[in-house]
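Each remark here refers to the structure printed beneath this line.
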Amino acid sequence: KVELMRPRQAIARNTVEALQSGMVFGVAAQVDGLVARMVAELGVDPDEVRVVATGHLAPLLLDEVDCFTDHEPWLTLQGLRLVFDRNC
(Lines give C-alpha, C1' and ligand atoms only; values in the text may rest on other atoms or scores of the structure.)
Protein backbone atom coordinates (compact mmCIF):
# COMPACT_ATOMS: atom_id res chain seq x y z
CA LYS A 1 0.00 0.00 0.00
CA VAL A 2 1.19 3.49 -0.88
CA GLU A 3 -0.07 6.65 0.79
CA LEU A 4 -1.78 8.89 -1.74
CA MET A 5 0.08 12.19 -1.34
CA ARG A 6 2.07 14.65 -3.42
CA PRO A 7 5.66 13.47 -3.82
CA ARG A 8 8.58 15.86 -3.38
CA GLN A 9 9.26 15.92 -7.12
CA ALA A 10 8.20 14.27 -10.36
CA ILE A 11 11.44 12.30 -10.75
CA ALA A 12 11.23 9.71 -8.04
CA ARG A 13 14.06 8.33 -5.95
CA ASN A 14 12.25 5.16 -4.90
CA THR A 15 9.25 2.98 -5.70
CA VAL A 16 6.85 4.75 -3.33
CA GLU A 17 7.67 8.18 -4.77
CA ALA A 18 7.41 6.78 -8.31
CA LEU A 19 3.90 5.51 -7.63
CA GLN A 20 2.91 8.78 -5.97
CA SER A 21 4.34 10.77 -8.87
CA GLY A 22 2.35 8.74 -11.35
CA MET A 23 -0.84 8.96 -9.32
CA VAL A 24 -0.70 12.70 -8.63
CA PHE A 25 1.20 14.24 -11.54
CA GLY A 26 -0.11 11.71 -14.04
CA VAL A 27 -3.74 12.34 -13.15
CA ALA A 28 -3.13 16.11 -13.13
CA ALA A 29 -1.69 15.93 -16.65
CA GLN A 30 -4.63 13.79 -17.79
CA VAL A 31 -7.16 16.31 -16.46
CA ASP A 32 -5.37 19.27 -18.08
CA GLY A 33 -5.01 17.38 -21.35
CA LEU A 34 -8.60 16.19 -21.49
CA VAL A 35 -10.00 19.63 -20.68
CA ALA A 36 -7.75 21.21 -23.34
CA ARG A 37 -9.09 18.76 -25.94
CA MET A 38 -12.69 19.43 -24.92
CA VAL A 39 -12.18 23.20 -25.12
CA ALA A 40 -10.60 22.83 -28.57
CA GLU A 41 -13.45 20.61 -29.82
CA LEU A 42 -16.05 23.03 -28.51
CA GLY A 43 -14.23 25.96 -30.08
CA VAL A 44 -14.70 28.14 -27.02
CA ASP A 45 -12.39 30.62 -25.34
CA PRO A 46 -10.49 28.75 -22.60
CA ASP A 47 -10.87 31.79 -20.33
CA GLU A 48 -14.65 31.36 -20.42
CA VAL A 49 -14.59 27.71 -19.32
CA ARG A 50 -15.18 26.72 -15.71
CA VAL A 51 -13.65 23.48 -14.47
CA VAL A 52 -14.79 22.40 -11.03
CA ALA A 53 -12.70 20.16 -8.80
CA THR A 54 -14.98 18.04 -6.66
CA GLY A 55 -14.76 15.05 -4.39
CA HIS A 56 -12.74 13.88 -1.45
CA LEU A 57 -9.38 13.79 -3.24
CA ALA A 58 -9.74 17.07 -5.14
CA PRO A 59 -7.56 19.04 -2.68
CA LEU A 60 -4.66 16.78 -3.58
CA LEU A 61 -4.81 18.01 -7.18
CA LEU A 62 -5.77 21.66 -6.72
CA ASP A 63 -2.19 22.94 -6.96
CA GLU A 64 -1.26 20.50 -9.73
CA VAL A 65 -4.07 21.00 -12.26
CA ASP A 66 -3.84 24.30 -14.14
CA CYS A 67 -7.37 24.29 -15.57
CA PHE A 68 -9.32 24.17 -12.30
CA THR A 69 -11.31 27.36 -11.76
CA ASP A 70 -13.44 26.27 -8.80
CA HIS A 71 -13.39 23.82 -5.93
CA GLU A 72 -16.68 22.42 -4.63
CA PRO A 73 -15.97 19.37 -2.44
CA TRP A 74 -19.65 18.65 -1.84
CA LEU A 75 -20.99 19.25 -5.35
CA THR A 76 -22.47 15.76 -5.79
CA LEU A 77 -24.26 15.89 -2.45
CA GLN A 78 -25.55 19.39 -3.21
CA GLY A 79 -26.97 18.10 -6.49
CA LEU A 80 -28.61 15.14 -4.76
CA ARG A 81 -30.16 17.51 -2.22
CA LEU A 82 -31.63 19.61 -5.06
CA VAL A 83 -33.12 16.49 -6.66
CA PHE A 84 -34.54 15.41 -3.30
CA ASP A 85 -36.02 18.85 -2.62
CA ARG A 86 -37.71 18.93 -6.03
CA ASN A 87 -39.24 15.49 -5.59
CA CYS A 88 -40.56 15.76 -2.04
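Worth a mention:
- With every protein chain in place, the chain: carbon and sulfur % of accessible area (1.4 Å): 58 percent
- Sparse-neighbour loop sites [GluC sites (Glu not before Pro); the chain; at most 10 other C-beta within 10 Å; DSSP]: Glu3
- Net charge of the neighbourhood of Ala29, taken over other residues with C-beta under 12 Å away and scored Lys/Arg +1, Asp/Glu -1, is -3.
- Exposed trypsin sites (Lys or Arg not before Pro) absent: longest stretch of the chain, with sites in DSSP loops and at most 12 other Cβ within 10 Å deemed exposed: 51-88
- Using a cutoff of 8 angstrom between alpha carbon atoms and counting only pairs six or more residues apart, the relative contact order for the chain works out to 22 percent.
- For His71, residues with placed amide H under 5 Å, excluding near neighbours: Ala53
- Local electrostatic count at Met38 - Lys and Arg +1, Asp and Glu -1, tallied over other residues with Cβ under 15 Å: -4
- Segment 32-88: chymotrypsin sites (Phe, Trp or Tyr not before Pro) in DSSP loop, at most 12 other beta carbons within 10 Å: Trp74
- Cα gyration tensor shape for the chain, rounded if a/c is under 1.5, else prolate or oblate: oblate
- Scanning residues 5 or more positions from Arg6 or on other chains, none has an amide H under 5 Å from its amide H, with H placed 1.01 Å from N in the peptide plane.
- Nearest-ten-degree value, helix 27-42 long axis tilted from longest Cα axis of the chain: 50 degrees
The values are calculated or read from the model by the stated rules, or taken from the named source; none is laboratory data. Bear in mind the structure is a predicted one, so any value in this text is a computation, not a measurement. When we count neighbours, we look across all protein chains shown, and the Cβ atoms used for this are built from the backbone with ideal geometry, even at glycine. These accessible areas exclude ligands, DNA and RNA; they are computed on the full protein's heavy atoms, side chains included. Shrake-Rupley method; radii C 1.70, N 1.55, O 1.52, S 1.80 Å.
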